[in-house]
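The structure appears below as structure tokens.
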């Protein structure tokens, strides 16, 4: 089955698994500079010695995970939704889309972490490919809206478009209520947002393109 996975999706899964193994062998402290840390009090400092934000973290954090279940569910979703999207778009466009979703999720998470720290919260790192996975989920729902998919918990079949709406609404609710702390819900939404914007850019749709002028109407 693994040989049937398209090359970029397979490479992304391997990269995430290898990075997870490195985390287990080397320890979190060694790879902490690859996690997504909030901006420091003085903004971006490329020569900071502590745990502060650095530009490369907008991509590297997406290949690290907080535990085996976190890795397992993200890689399962990457396989399920990434494979058909790569077959549809091709490897280059698919990889571009996934990385844009990872970076976009990271950008929104930086905003949320800055706000949290301004309210007295402690700085904390973010890891995981979930922002990219949620972007893939959104793309799958937009490209195959009527495709039936099965939830794992609970096992309920539904259309892909419905699944996107449900997951988006749940993430928005959990993000604003704080009912599930320790999860970067707004990063998930950031992945969906930037994925949606990129698809509309590729399609030449607003806010990146112009709608065709309306047809003239004859009033009698």
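None of the figures in this text is laboratory data; all of them are computed from the coordinates on show. The structure displayed is predicted, hence computed values, not measured ones. Neighbour counts run over all protein chains shown; Cβ positions are idealised from the backbone, glycine included.
Between the Cα long axis of helix 160-177 and the first principal axis of the chain there is an angle of about 40°, rounded to the nearest 10. Each peptide in 10-16, 122-128, 135-141, 96-102 receives the mean, over its residues, of other Cβ atoms within 10 Å, and ordering these scores from highest gives 135-141, 96-102, 122-128, 10-16. When each of the peptides 80-89, 183-192 is scored by the mean number of other C-beta atoms lying within 10 Å of its residues, the order from highest to lowest reads 183-192, 80-89. Plainly put, the stretch 106-193 has a radius of gyration that is 1.03 times its Kirkwood radius, both from alpha-carbon atoms, as the Rg/Rh ratio. Between residue 29 and residue 208, the FRET efficiency estimated from the beta carbon spacing at R0 = 45 angstrom works out to 0.60.
Taking every pair of alpha-carbon atoms in the stretch 29-149, give the share separated by more than 22 Å as a whole percent. When every Cα pair of the stretch 29-149 is considered, 40 percent fall beyond 22 Å.
Computed extension length for residue 22-residue 122: 33.3 nm, one decimal, from 0.36 nm per residue of separation with the Cα-Cα distance subtracted.
For the chain, the longest principal axis of the Cα atoms and the long axis of helix 68-89 meet at an angle of about 40 degrees.
The relative contact order of the chain, computed from alpha carbon pairs under 8 Å that lie at least 6 residues apart in sequence, is 21 percent.
Could you compute the FRET efficiency for residue 76 and residue 4, with r as their C-beta to C-beta distance and R0 at 22 Å, rounded to 0.05? Approximately 0.90, to the nearest 0.05.
Relative to the dominant Cα principal axis of the chain, helix 7-26 is inclined by about 20°. Report note on the peptides 163-173, 22-32: ranked by the mean count of other C-beta atoms within 10 Å, highest first, their order is 163-173, 22-32.
Overall shape: prolate for the stretch 2-203, with the ratio a/c of the largest to smallest alpha carbon gyration tensor axis at 1.5 or above and a/b above b/c.
Distance between the pseudo-spin-label points of residue 56 and residue 99 (7 Å out from Cα toward the beta carbon): 1.4 nm. Each label point was placed 7 Å from the Cα along the Cα-to-Cβ direction; for residue 201 and residue 172 their separation is 2.3 nm.
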